[in-house]
Amino acid sequence: MKTNIYAWIPPLLWAAAVFALSSLPGSSLPDLGFTMQDKFAHSLVFATLAALVLRALGGTRFQSKPLVAMGIAVAIATAYGVSDEFHQSFVPRRSPDVLDVVADSFGALMGVVAFAAWSGRRVHSNKNLEIAEKDPEIVE
């Protein structure tokens, strides 16, 4: 099975966007108006990253091992979260926070679970469509 290198463009672009946002000084970040907004933002950003990584892994040898692929996607997103916190230690008015890494990991886990559920439903739906096209009485 040949890896589709183009599948890695979205997660790499997303990671670049995360790096760019992490480079902004702390005072220039928007206030979303609720408590724990930074943890929510971290979770959402890293859920997206992990889902994109899982999608990219779909064309690799891990395609037949979904739990392994999910674990790899969470590990990659979490490792990037750790490196993001290290990077923030060099940005004015930003500092590393272990709880941000926890939020990153939680978001990554939720992202792969949501993506796997969504893509699993799509696969199941497509299989039903194929069956219905062959024999409509089976699906009813």
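The values are calculated or read from the model by the stated rules, or taken from the named source; none is laboratory data. On a predicted model such as this, the values are computed, not experimentally measured, just so you know. Positions of Cβ are generated from backbone atoms using ideal geometry, with glycine treated the same way; all protein chains shown enter the neighbour counts. Side chains included, ligands, DNA and RNA excluded: accessible areas come from the protein's heavy atoms. Shrake-Rupley method; radii C 1.70, N 1.55, O 1.52, S 1.80 Å.
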- [ ] For SER83 and VAL98, compute 0.36 nm times the residue count separating them, minus their Cα-Cα distance, and round to one decimal in nm.
- [x] 4.2 nm
Open item on the list: Quick check: convex hull of the Cα atoms in the range 81-122, volume per residue, rounded to a whole Å³?
Closed with: 65
Open item on the list: Given points 7 Å out from each Cα along the Cα-Cβ axis, report the ALA7 to MET36 separation in nanometres with one decimal.
Closed with: 3.4
- [ ] With a 1.4 Å probe and every protein chain left in place, tell me how much accessible area MET36 has, in Å² to the nearest 10.
- [x] 130
- [ ] Give, in nm to one decimal, the length gained when the segment between PHE90 and ALA117 is fully stretched (0.36 nm per residue of separation minus the Cα-Cα distance).
- [x] 5.9 nm
Task: Loop trypsin sites (Lys or Arg not before Pro), the range 29-93 (other Cβ atoms within 10 Å of the site Cβ: 12 or fewer; DSSP) - done: ARG93
TODO: Check each of the chymotrypsin sites (Phe, Trp or Tyr not before Pro) in the range 59-98 and keep only those in coil by DSSP with at most 10 other C-beta atoms within 10 angstrom; list them in order.
DONE: PHE90
